[in-house]
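The structure under discussion appears below in the form of structure tokens.
Read-outs throughout are calculated quantities, based only on the coordinates presented, and are distinct from any laboratory measurement. What you are looking at is a predicted structure, and each value in this text was computed from that prediction instead of being measured. All Cβ positions, glycine included, derive from the backbone under ideal geometry; neighbour counts span all protein chains shown.
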Amino acid sequence: MAVAAISKYDFAPADTQDKFHGAQLLYIGWEDHLLFCAPFCFPFPPTMRFGDVVAGPMKAAFGYHPDFAQIDWTKVEWLKSGKPFAPDFDKSLADNGLRHKDVIRFRTPGLTGIKGSCN
Amino acid sequence: MDMQVAKKKLGLKERYSVMTRGLDWTPSYQKMEDIYPYIAYEGIKIHDWDKWEDPFRLTMDAYWKYQAEKERKLYAIIDAFNQNNGHLNVTDARYINTVKLFISGISPLEYVAHRGFAHAGRAFPGPGPRVACLMQSLDEIRHAQTQVHAISNYNKYYNGMHDFHHMHDRVWFLSVPKSFFDDAITAGPFEFMVSIGFSFEYVLTNLLFVPFVSGAAYNGDMGTMTFGFSAQSDEARHMTLGLEVIKFILEQDPANVPIVQRWIDKWTWRGYRVLTLVAMMMDYMLPKRTMSWKEAWEVYFEENGGALFKDLARYGIKMPKCAEQIALEKDHLSHQAWSTFYNYAAAANFHTWMPDEDEMAWLSAKYPNSFDKHYRPRYEFWREQAAKGNRFYNKTLPMLCQTCQIPMLFTEPGDPTKICYREVDYKGDKYHFCSDHCKEIFEHEPEKYVQAWLPVHQIYQGNCFPEGTDPTVEGFDALGAVLKYYNLEHGRDNLDFDISEDKKNFAEWRGQATKNI
Amino acid sequence: MSTVFLALQTNEDTRPIIEAILQDNPSAVVDEQPAMVKINADGRLVVRRETIEEITGRAYDLQELQVNMITMSGNLDQTDDEITLFWKS
């Protein structure tokens, strides 16, 4: 369907990649850890190494949680747009197939939040 | 000698007819479609505008008389409240945060509603709805003004309210109510009437005003209670207008039914999402609770809305399908919302805090199916950490829903442990949603919602810093720059209630009011 | 039948009106809330001018009720003599 309008209705989308000064947006959510109320939104250069995302911004964002230090990254299960995803930590975001406004989630088996409450 | 004979007054029905249809005329040298250019493009068909009748049969002369009386009553009480240092009579200083939420989140909407009804009134060829829209437009600007007047007294003493209209246009969470109303006023006049007049005023307004107003009454806030009641006396008329609009449109042409149904589905959901703020206000921000969000939803939506949609069934209108999901969310909504504001306490214009033991017990009792299992462990952890000097301030920006603009905090219907993710690919870009309903709304009019001003994305685009800011300098403090852009003072307007100036000042002033020092 | 209701501010103006409503609507039930009186009735509720005038001993214009209303539920019809709230189903 289209907008009902009195004349031609054609406006630019607000959040295309060209507006982010060389960065692309990546959304990251940690399953079973609702202490963080929502997934995060990050602007990263597409050339950034995936492993650097985990060690830097993800640690800064999720590190408050006592579970974060316990994570065995070799056992983590990743999802991209809800489907299984196997990122290569040594490759860039772009080389891992991550595009502007992609959403990834990670599940940490055995770590399910404060007293197992998914918080 | 002449006898003085009292002139016979017109009856209500005659007076209404004279003062509405009697004032209208048929244009002779301009075409109707040139005078009313917005009336056809939404696909709504109206055959006889004279079928419209305001059930109250209120005319402008009577309107002015009763509105003047309402104003006199209101300002007498506001004066008394101010003269008597009424702000020190509220239950405790946490309460004042509900007033901050109101002035920055709701009052600016009253002003936009004023503009919206003025525009809709101008668009309709029928004199009946035109007069009703004129009245409502005037009501709405009255609400905006009286709320600003009443709350200005709090602004003299407490933080976070000093630039509410500036904040309304900028602060991340205020984009939720702002974009809701912007969506409505940028629709056509019929959709506007269904969105605000019917879905918001008739179906949902009781959940906004009655809890705020009775919350104010329960918490000793005579000022807010009074402007609330004064506004609410107009709301009763707005509700009647909203219901009349729907019935009128549906009776005019059967082809209108599916269009109206889609608008009702859309706007009930959009309005409900905005009420997330009210849900958390009721369950967390009122030191003395009136009823829980869940109870209010059951009384005002499930019972009352149930009766309404049963009545509208004769036109072929059904209960909006989002009602099923809302029923699943009612055990969780307020807790998920409060957690979000607790997370982002550094970036809001009001304070947050953890409920005390008694309040946790109240929440357990009101939410036996959800609170102890899902939310108490989270709160107890946060409380322990805060006691150790490690109060949680989430400093990473959240992912937002493209339609409602709320952070993606809502869980899957039926599974409160999983965030609900939905997405759509549109013209080469991805768009994300908090729910099936927000996704469907986008899919129906993607051209509109791709333009959304999402605060998080705008920050990353560099559009939310004061002029002249250079975000590329080393050690750039993004949060600090964004707060400056919001005109919020870090450490004063934001952060936890426990360390707030409001808390300290209230205790000191109340002490002065009751002791000779 | 679904419930209709009318909620009024609790004050001196509305006291006789509530009394009149209860007199005229045997099925009406009063629910007193903070600063607000909500009157529920099954399917139909009538506010009659004459009853209010009998109780207050003065002429009453039903439009005066505009000043003290808080909220309502149901279809509405107002004439010089009555305000009726009703559901059709």
From the Cα centre of the stretch B:486-504 to that of the stretch B:203-258, the distance in Å is 33 Å
From the phi of every residue in the stretch B:330-337, what ³J(HN,Hα) in whole Hz does the Karplus formula 6.51 cos²θ - 1.76 cosθ + 1.60 yield, where θ is phi - 60° and glycine or proline is x? 5, 7, 10, 3, 5, 6, 5, 5
Here, chymotrypsin sites (Phe, Trp or Tyr not before Pro) of the stretch B:429-468 satisfying both criteria (DSSP loop; at most 10 other Cβ within 10 Å) are none
How large is ³J(HN,Hα), in whole Hz, for each residue of the stretch B:185-191 in order, when computed from phi with the Karplus curve 6.51 cos²θ - 1.76 cosθ + 1.60 and θ = phi - 60°, using x for Gly and Pro? 6, 8, 8, x, x, 6, 5
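Place a +1 charge on the Cβ of each Lys and Arg in the protein assembly as shown and a -1 charge on the Cβ of each Asp and Glu, then give the dipole magnitude about the Cα centre in debye, rounded to the nearest 20.
The dipole of the protein assembly as shown has a size of about 580 debye.
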Using the number of other C-beta atoms within 10 angstrom as an exposure proxy, rank C:Val47, B:Val424 with the fewest first. B:Val424, C:Val47
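Quick check: from the Cα gyration tensor, does the stretch B:476-516 come out rounded (a/c under 1.5), prolate or oblate?
prolate
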Under a 5 Å amide H to amide H cut-off, with H placed in plane at 1.01 Å, what residues pair with B:Cys420 once short-range neighbours are removed? B:Phe410, B:Thr411, B:Glu412
Helix B:107-123 sits at what angle to the longest principal axis of chain B, using alpha carbons and giving 0 to 90 degrees rounded to 10? 20 degrees
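Hey, got a sec? Which trypsin sites (Lys or Arg not before Pro) in the stretch B:3-98 land in a DSSP loop and have at most 11 other Cβ atoms within 10 Å?
Details: sites: B:Lys7, B:Lys8, B:Lys9, B:Lys13, B:Arg15, B:Arg21, B:Lys31, B:Lys45, B:Lys51, B:Arg57, B:Lys65, B:Lys70, B:Arg72, B:Lys73, B:Arg94; in loops: B:Lys7, B:Lys8, B:Lys9, B:Lys31, B:Lys45, B:Arg57.
Those that pass, being in a loop and sparsely packed, are B:Lys7, B:Lys8, B:Lys9, B:Lys31.
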Cα gyration tensor, the stretch C:3-86 - rounded (a/c under 1.5), prolate or oblate: rounded
Nearest-20 debye value, chain A charge dipole, Cβ charges on Lys, Arg, Asp, Glu: 160 debye
What GluC sites (Glu not before Pro) does the stretch C:6-35 have in DSSP loop regions with at most 15 other beta carbons within 10 Å? C:Glu12
At a Förster distance of 56 Å, what's the computed FRET efficiency of A:Gln70 paired with B:Gln145, Cβ-Cβ distance as r, to 0.05? 0.50
Expressed in nanometres to one decimal, the distance between label points 7 Å along Cα→Cβ at B:Glu508 and B:His119 is 4.6 nm
If one takes the longest principal axis of the Cα atoms in chain B, at what angle in degrees, from 0 to 90 and to the nearest 10, does the Cα axis of helix B:501-514 lie? 80 degrees
GNM of chain A, Cα pairs under 10 angstrom: of A:Val53, A:Val76, A:Val103, the biggest fluctuation goes to A:Val76
Using θ = phi - 60° and Karplus 6.51 cos²θ - 1.76 cosθ + 1.60, couplings along the stretch B:459-466 (whole Hz; Gly, Pro as x): 4, 5, 7, x, 8, 10, 10, x
